[in-house]
Amino acid sequence: MTEREAAAAMTRRKLGPSLRGWFQDWLPRLVLGPSFLLVLIFVYGFNLWTLFLSFTSSKAFPTTNLIGFTNYMRLWDWTFETDPPSNWYTALVNMGLFGGLYIFFCLFLGLLLAILLDQKIRGEGILRPIYLYPLALSFIVTGTAWKLFLDPRIGLENALHDWGWKSFHFDWVVDPKMMIYCVAIAGIWQSSGFVMAMFLAGLRGVDGEILKAAQIDGASTYQTYRRIVIPIIRPVFFSALIVLAHMAIKSYDLVLSVTGKNPGGAAELPSTFMYSYTFTRNQMAIGSASAVIMLMTIAAIMVPYIYSETREQNR
Amino acid sequence: MSAADLVTSAPARRGPGHSRTTRIVIYGLLLLFALVYLVPLLVMVMTSLKPLDEVTGGNMFALPRHLTFAPWSVAWGEARIGVSDTRGISGYFFNSVKMVVPAVLISTLLGALNGYVLTKWSFPGHKLVFGMMLFACFIPFQSVIIPMAVILGMLGRVGVDLADLTGWSFGLGNATVNLVIVHVIYGLGFTTLFFRNYYAAFPSELIKAAMIDGASFFQIFRRILLPNSTPIIIVTVIYQFTNIWNDFLFGSTFAAGDTAPMTVALNNLVNTSTGVVEYNVNMAAAIIAAAPTLLVYVIAGRYFVRGLMAGAVKG
């Protein structure tokens, strides 16, 4: 295209409200529009719909019969119903146990492995994928593997008995009180490699000059990490924490596969509670209320994070 | 290259100031963890290659004495899945393939277009639109699942009417089509995020020059952006493939019986409460379920890691 033609194209645009010009101007918005509309309806609209259902008396099917905060009040009462524990109480306690252990150990192991790998290691290219491959597996596969591994009859307990350690006892996966710890173990195994990758990326971004200066000043490796490196990579902690918290709240399939369909609701989490009340117990309104509480919890974590992220990109 | 260049261009790793003992401890820990991460996979593979009596009567760490591939063929073509009459997981495997291929292609293409608009054709309020789409990545799916079930039920009835009228349901009510719709919608946030972050770094001058030359919106996308998008396309495809293949919640809610995807079939196979538990068959099925994502991870693992880090660290 010659310069004259380009200039003509520019003037055409300036000339304004021809249909073609209007279309050209609006085309980007028309392209983005459908996606945004889908998200608007299927994410925001549906969330409002679920919020609405949580104020109704829906059982097996959705109804429009509003009953105020009754469902939330039932959940609130169940929160303190400890003897015998309500399913909601169990779900909340398990969420605290599972979420706490999962987040803590993923961060701890992730940071430990990242620091160890960062010590001029030979064979890093082989080790790193080994720590990371569980991430490619679905929670159903992870759960299936760990269910076998932890099964006292054929798994770890049996193997150690076979090797002569007769008193070894490990039956958490069939003990209702301990099941949730097995879910945590499988979850940590699955996700800690991912956290390792995040920390490693953070560590590789730390300026070598600062570390050299610390070394010259006589700081030990431990002091360097404790005082300099870890404070610098603090944003990575934050990112990892967000991702892990969000995964812990959503996780559903891991519970089912590790415990074998969550017998007796012993490994109940809010996610499994929501599903069973909605789809098997015909208490859709209660299920919706619990889903809304899950959404609120995630929003409380995500909204400030997204806000700060988009602000950062402004600078 | 000068000495200063060598120092600054070297990755930020700690100096060689470790004693011999420290290095032994570091390598020891790294190898120990590598073993911990590998053992469940090794146990899975070994279990799948043993006859059942060797699994139930022997040590899970022992190598197979009578190597057999029978569990694999049983899992693939004969095993009974839950209460269904279908034999073997092969059909479910192809259900997942039929679901994952269109869902990945559509969501990736839409993500690319969205990212292109949001970075190169931005309009007032684009930040809000992006923020809203970003938040969509992190909602707990429990909070949209009831409305989704209602809408998909309605679409199914429309499909039946259409089939009565025209002889073709246009795919409405088909479980695979339903899952493609669901995965495309709830994948849009992530695909848009990936492409937006990638295109944000793409020089806008090139786009402006092309605009002056009279290139249209789609010409610029096709001729300039797409040819330069290979890395991010690979990242997005891998990410979406893994996520959609590994999904369980949507699959188990919106596809029943013979139309279920692989993860649901695996869960049904493993958690069948009747008869003898065929651990070797279960493990073979689990490996088959994990094979596609593991394969993708092995072939393109470096992109996979980079993509996850870009997505998670950058938010």
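The values are calculated or read from the model by the stated rules, or taken from the named source; none is laboratory data. If you're wondering where the values come from, they're calculated on a predicted model, not measured in any experiment. Positions of Cβ are backbone-derived with ideal geometry, glycine not excepted, and every protein chain shown enters the neighbour counts. Note: areas computed on protein heavy atoms with side chains; ligands, DNA, RNA excluded. Shrake-Rupley method; radii C 1.70, N 1.55, O 1.52, S 1.80 Å.
Since only B:202, B:63, B:285 are under comparison, the one whose Cα sits farthest along the positive direction of the charge dipole of chain B, derived from C-beta charges on Lys, Arg, Asp and Glu, is B:202. How many percent of the accessible area of the protein assembly as shown is carbon or sulfur, using a 1.4 Å probe? The computed percentage sits at 67. Cross-link partners for residue A:59 among the lysines, with Cα-Cα distance under 21 Å and sequence neighbours closer than 8 places in the same chain left out, do not exist in this structure.
The orientation-averaged projection of the convex hull spanning the C-alpha atoms of the range B:188-237 amounts to 3.5 square nanometres. Residues A:147, A:166, A:212, B:127, ordered by accessible area of protein heavy atoms at a 1.4 angstrom probe radius and largest first, appear as A:166, A:212, B:127, A:147. Sorting A:281, A:311 on solvent-accessible area from highest to lowest, probe radius 1.4 Å, gives A:311, A:281. Where is the GNM fluctuation largest for chain A (alpha-carbon springs, 10 angstrom cutoff): A:142, A:90, A:64? Largest GNM mean-square fluctuation: A:64.
Using the Karplus relation 6.51 cos²θ - 1.76 cosθ + 1.60 with θ = phi - 60°, the per-residue 3J(HN,Hα) values for the range A:227-240 come to 9, 10, 5, 4, x, 5, 8, 4, x, 5, 3, 5, 4, 4 Hz, with x marking Gly and Pro. Counting only heavy atoms of the protein chains and using a 1.4 Å probe, residue A:75 has close to 0 Å² of accessible surface. Taking the Cα centre of the range A:161-258 as the origin and placing charges on Cβ (Lys, Arg +1; Asp, Glu -1), which of A:181, A:216, A:169 is farthest toward the positive end of the dipole? The listed residue farthest towards the positive side: A:216. If you take the Cα centroid of the range A:250-274 and the Cα centroid of the range B:237-280, the two points sit 15 Å apart. Sequence-ordered 3J(HN,Hα) estimates for the range A:126-142 from the Karplus curve with 6.51, -1.76 and 1.60 and θ = phi - 60° stand at 8, 5, 4, x, 5, 5, 9, 4, x, 4, 6, 7, 6, 4, 5, 5, 4 Hz, glycine and proline given as x. Averaging 1/r over every pair of different alpha carbons in the range B:108-213 and inverting the result gives a Kirkwood radius of 16.2 Å. Taking other residues whose beta carbon is less than 11 angstrom from the beta carbon of residue B:172, and scoring Lys, Arg as +1 and Asp, Glu as -1, yields 0. Computed about the Cα centre, the dipole magnitude for the protein assembly as shown is approximately 1700 debye when only Lys and Arg (+1) and Asp and Glu (-1) carry charge, each at its Cβ.
A simple charge model with +1 on the Cβ of Lys and Arg, -1 on the Cβ of Asp and Glu and nothing else charged puts the dipole of the range A:120-209 at about 120 debye relative to its Cα centre.
The GNM of chain B, with springs linking C-alpha atoms under 10 angstrom apart, assigns the highest mean-square fluctuation among B:101, B:55, B:144 to B:144. Residues in the range B:110-115 carry Karplus couplings, in order, of 4, x, 5, 4, 4, x Hz; the curve used is 6.51 cos²θ - 1.76 cosθ + 1.60 with θ = phi - 60°, and Gly or Pro positions show x.
Computed per residue of chain A from DSSP H runs no shorter than four, each worth -39500 (n - 2.57), the mean residue ellipticity at 222 nm is -21500 deg cm²/dmol. For residue A:56, the residues 5 or more places off, or on other chains, whose built amide H falls under 5 Å of its own are A:67. Ligands, DNA and RNA excluded, the heavy atoms of residue A:204 present near 70 Å² of accessible surface to a 1.4 Å solvent probe.
Counting only lysines at least 8 places from residue A:147 when in the same chain, those with an alpha carbon closer than 28 Å to its own are A:166, A:177, A:250, A:261, B:50. About its Cα centre, chain B has a charge dipole of approximately 1180 debye under the convention of +1 per Lys or Arg Cβ and -1 per Asp or Glu Cβ, with nothing else charged. Accessible surface of residue B:150, taken over heavy atoms with a 1.4 Å probe and every protein chain present, rounds to 40 Å². Remark: accessible surface ordering of B:36, A:39 (largest first) is B:36, A:39, probe radius 1.4 Å. With a 10 Å cut-off around each Cβ of A:122-130, the average count of Cβ atoms from other chains is 4. Taking amide H as placed 1.01 Å from N in the peptide plane, the amide H of residue B:80 sits under 5 Å from that of B:88, each at least 5 places away or on another chain. Where only DSSP H runs of four or more residues are counted, chain B gives -23000 deg cm²/dmol as its mean residue ellipticity at 222 nm, each run worth -39500 (n - 2.57).
Leaving out ligands, DNA and RNA, calculate the buried accessible area for the pair B and A with a 1.4 Å probe, summed over both sides, in Å² to the nearest 100. When B and A are taken together, about 9600 Å² of accessible area is lost.
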